[in-house]
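First up is the structure itself, then whatever we jot down about it.
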Amino acid sequence: MLELYHSSNSVCAQKVRIALEEKRQHAQDHIMTLRGDQYEPAYLKLNPNGVVPTLIHDGQPIIESSLILYYIDDAFPKPPLMPKETRQRHHVRMYNKLIDEYVHNCCMILTFATAFRPAFLKMPPEAWQAEIGKTPLKRRAEYKRSVIEHGLDSEFVAEALAHHRKLLSWMADSLKSGPYLAGEGFSNADCAVIPYILRLELLKLSGMCERYPGVAEWWARVRARPSVKAAIFDRMSDADWAPFKSLAPDPWPKVQEILKAA
C-alpha cells in the first residue's frame, strides 16, 4: 500500500506524483496545507525535516524527493524511469544532485520573493518570522526571511537566478542528444526538472528560457504527457493558482536587470 503526504504546489511533491503516474501507481492522499501542519509532532516523526513529500510504502516512510524517485523505480520497475546505459544513469543522478544542492533552494528564494511575499507582508512581522522560524532547516529560514523583507532586492536572488541559468544550460546541452534529458526515453531526470520549469513559467520568468529553444521544445513535449497533466494541472485548484495569477509588479523587468548586471 502506498500513501503520500504532499501538497499541490510543492515542486518536490510534483516530481514524485509524476513518477507515480508514469508507473500507474495509486497512493492514498494526505494533503498538507504547509501552514504549520508540517511541524506537527506526528508528521515530524515521519519526516524530521518538516517538508513534503513523504511516501509511505507498506507502513514505512520514505523521504527526500530525489531518493523517492529512485525508490519508486526500484519498487515498481515497469515502465523504467532509469536508463539502462551507465552514463545516462549517471546523467539522471547529476540532474537530481544539481537540484538538491542548488536549484531547489533557489526556486524557493524566487517563489518567496515574488508569489508568496505579499501574503507574509500582510501579517505582523513577529507573526511571519515566528512561522518561518519553525523550520528545522535553519538556512532555509534565513533565505525566506531575507526575500520576504527585501523581495527581489535580497542578496540571495542573483545567485538563485544564476543556478537556474545553469540548469537551463545543462538542459540545452542534454537535449542536443535526444528528446529527453537522459536520452531517448522519459526518465527520472525529466520528472525531477519539470516542476522547476513550470515554476519559472508561473513566476512569469519563462523569458529565461528564450535563449534555449531546445528547452522550449522539451517543455511543450513533456507538459503534454498524461502523467504531468494528472500529477500537476488536474490537481491545482483556484487557490493553488492564485499566488501566481496576482503577481504585482511583474517580476520579469527586475529580473532582467539582475541578469544583465551579473
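Among the residues making up region 95-129, those that are without any contact (Cβ under 8 Å) to a residue 40 or more places away in the chain, of a type in the set (A, V, I, L, M) and not in a loop (DSSP other than H, G, I, E, B) are Met108, Leu121, Ala127. Does Arg221 qualify as being in contact with a helix residue (DSSP H, G or I) (Cβ under 8 Å, 6 or more places away or on another chain) and either open to solvent by 30 Å² or more (accessible area, probe 1.4 Å) or within 16 Å of Arg199 (Cα to Cα) (or both)? Taking the combined requirement at face value, the residue does not satisfy it. Screening His90 on (1) under 23 Å from Ser169 (Cβ atoms); (2) open to solvent by less than 20 Å² (accessible area, probe 1.4 Å) shows it passes everything except condition (2). A residue that is in contact with a strand residue (DSSP E or B) (Cβ under 9 Å, 6 or more places away or on another chain), open to solvent by 10 Å² or more (accessible area, probe 1.4 Å) and of a type outside the set (Gly, Ala, Ser) cannot be found anywhere in region 95-106.
Is it the case, given these coordinates, that Gln14 is outside any loop (DSSP other than H, G, I, E, B), out of contact with any His (no Cβ under 9 Å at 6 or more places or on another chain), within 24 Å of Lys134 (Cβ to Cβ) and of a type outside the set (A, V, I, L, M)? Here the answer is no, as Gln14 does not meet what is asked.
Condition check ((1) under 24 Å from Lys78 (Cα atoms); (2) aromatic (Phe, Trp, Tyr); (3) open to solvent by 20 Å² or more (accessible area, probe 1.4 Å)) across all residues:
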{"position": "His164", "(1), (2), (3)": "no, no, no"}
{"position": "Leu167", "(1), (2), (3)": "no, no, no"}
{"position": "Trp170", "(1), (2), (3)": "no, yes, yes"}
{"position": "Ala182", "(1), (2), (3)": "yes, no, no"}
{"position": "Ser187", "(1), (2), (3)": "yes, no, no"}
{"position": "Cys191", "(1), (2), (3)": "yes, no, no"}
{"position": "Ile197", "(1), (2), (3)": "no, no, no"}
{"position": "Leu205", "(1), (2), (3)": "no, no, no"}
{"position": "Arg211", "(1), (2), (3)": "no, no, yes"}
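Looking across region 174-199, the residues that are more than 20 Å from the chain's Cα centre (by Cα), assigned to a loop (DSSP other than H, G, I, E, B) and not polar (S, T, N, Q) come down to Leu175, Lys176, Gly178, Pro179, Glu184, Gly185. Assessment of region 71-85 against the conditions (assigned to a helix (DSSP H, G or I) and small (Gly, Ala, Ser)) yields at least one matching residue. Counting the residues of region 201-241 that are outside any loop (DSSP other than H, G, I, E, B), of a type outside the set (Asp, Glu) and in contact (Cβ under 8 Å) with a residue 60 or more places away in the chain gives 7. Filtering region 130-162 to residues that are surrounded by 14 or more Cβ atoms within 10 Å (Cβ to Cβ) and in a loop (DSSP other than H, G, I, E, B) leaves Thr135, Pro136, Ser154, Phe156.
Within region 60-75, being more than 16 Å from the chain's Cα centre (by Cα) and in contact (Cβ under 8 Å) with a residue 24 or more places away in the chain holds for Tyr70, Ile72, Asp73. So, of the residues in region 60-86 that are farther than 21 Å from Arg139 by Cβ and in contact with a strand residue (DSSP E or B) (Cβ under 9 Å, 6 or more places away or on another chain), which turns out to be surrounded by the fewest Cβ atoms within 10 Å (Cβ to Cβ)? Selected residue: Glu85.
Pairs linking a residue in region 166-185 that is in contact (Cβ under 8 Å) with a residue 60 or more places away in the chain and within 18 Å of Asp100 (Cβ to Cβ) to a residue that is assigned to a loop (DSSP other than H, G, I, E, B) and hydrophobic (A, V, I, L, M, F, W, C), with Cβ atoms under 8 Å and 6 or more positions apart or on different chains, are Ser174/Leu181; Ser174/Ala182; Leu181/Leu175.
Within region 107-157, the set of residues being touching a Leu at 6+ places or on another chain (Cβ under 9 Å) and hydroxyl-bearing (Ser, Thr, Tyr) comprises Thr111, Thr114. Which one of the conditions (1) in contact with a Pro (Cβ under 6 Å, 6 or more places away or on another chain); (2) more than 25 Å from Asp37 (Cβ to Cβ); (3) not aromatic (Phe, Trp, Tyr) does His163 fail to meet, given that it meets all the rest? Going through (1) in contact with a Pro (Cβ under 6 Å, 6 or more places away or on another chain); (2) more than 25 Å from Asp37 (Cβ to Cβ); (3) not aromatic (Phe, Trp, Tyr) one by one, His163 breaks only (1).
The values are calculated or read from the model by the stated rules, or taken from the named source; none is laboratory data. Keep in mind that this is a model prediction, so the values were computed, not measured. As a convention, Cβ positions derive from the backbone with ideal geometry for all residues, glycine included, and neighbour counts pool all protein chains shown. We work out accessible area using only protein heavy atoms, side chains counted, and drop any ligands, DNA or RNA first. Shrake-Rupley method; radii C 1.70, N 1.55, O 1.52, S 1.80 Å.
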